[in-house]
Amino acid sequence: QVQLVESGGGLVQPGGSLRLSCAASGRTSTLYTMGWFRQAPGKEREFVGRVIWSAGRKFYADAVRGRFIISRDDAKNTMYLQMNNLKPEDTATYYCTAGGSISPNEFWGQGTQVTVSS
């Protein structure tokens, strides 16, 4: 099993920045990928981005590419999501996921709320 804990959410004005963290614990040596999803009220959950842990390759949704950056700290088993130039439409609960190549989103964190509002 892998446990994921997100942190770093909050209230920010449009154009501002936030950095989310996702700390993984447990059987982290088995992880192939970690990712971020988000869900706004009344909307379906959507993919934000992902990192292939061993290769370091990163993928982003079109809506956030160029504004959001995924990074990682191998020593801390932690993934980050640096969110820049935030827009009101980025308001959502952000979830961290992790898993293997077959089930990349096997594990989920509890979510952290991001609100972009003036």
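The values are calculated or read from the model by the stated rules, or taken from the named source; none is laboratory data. Since the structure is predicted, the reported quantities are computational estimates derived from the model, not experimental observations. We place every Cβ from the backbone using ideal geometry, glycine too, and count neighbours over all the protein chains shown. Accessible surface is based on the protein model in full, side chains and every heavy atom, while ligands, DNA and RNA are left aside. Shrake-Rupley method; radii C 1.70, N 1.55, O 1.52, S 1.80 Å.
Quick check: Cα centre of the range 87-118 to Cα centre of the range 22-37, how many Å?
13
Quote the FRET efficiency, to the nearest 0.05, computed for Ser25 versus Glu46 with a Förster distance R0 of 25 Å and r equal to the Cβ-Cβ distance.
On the way: r = 26 Å, r/R0 = 1.05.
According to the calculation, E is roughly 0.45.
How many Å² of accessible area per residue for the range 5-80, probe 1.4 Å?
Numbers: 4220 Å² over 76 residues.
Per residue, the range 5-80 has an accessible area of 55 Å².
Under a straight-distance cross-link criterion of Cα-Cα below 26 Å, which lysines are reachable from Lys87, leaving out those fewer than 8 residues away in the same chain?
Leaving aside lysines fewer than 8 places away in the same chain, those within reach of Lys87 are Lys43, Lys58.
State the percentage of accessible surface on the chain attributable to carbon and sulfur atoms; use a 1.4 Å probe and exclude ligands, DNA and RNA. Show your work: numbers first, answer last.
Values: 2920 of 6160 Å².
Here carbon and sulfur together make up 47 percent of the probe-accessible area.
Scattering from the C-alpha atoms of the chain alone, worked out with Debye: what is log10 I(q)/I(0) at q = 0.14, 0.15, 0.17 1/Å?
The Debye formula, applied to the Cα set alone, gives -0.52, -0.59, -0.76.
Give a residue-ordered list of calculated ³J(HN,Hα) values for the range 8-22 (Karplus: 6.51 cos²θ - 1.76 cosθ + 1.60, θ = phi - 60°; whole Hz; x for Gly, Pro).
Coupling constants for the range 8-22: x, x, x, 9, 9, 7, x, x, x, 10, 9, 10, 8, 10, 9 Hz.
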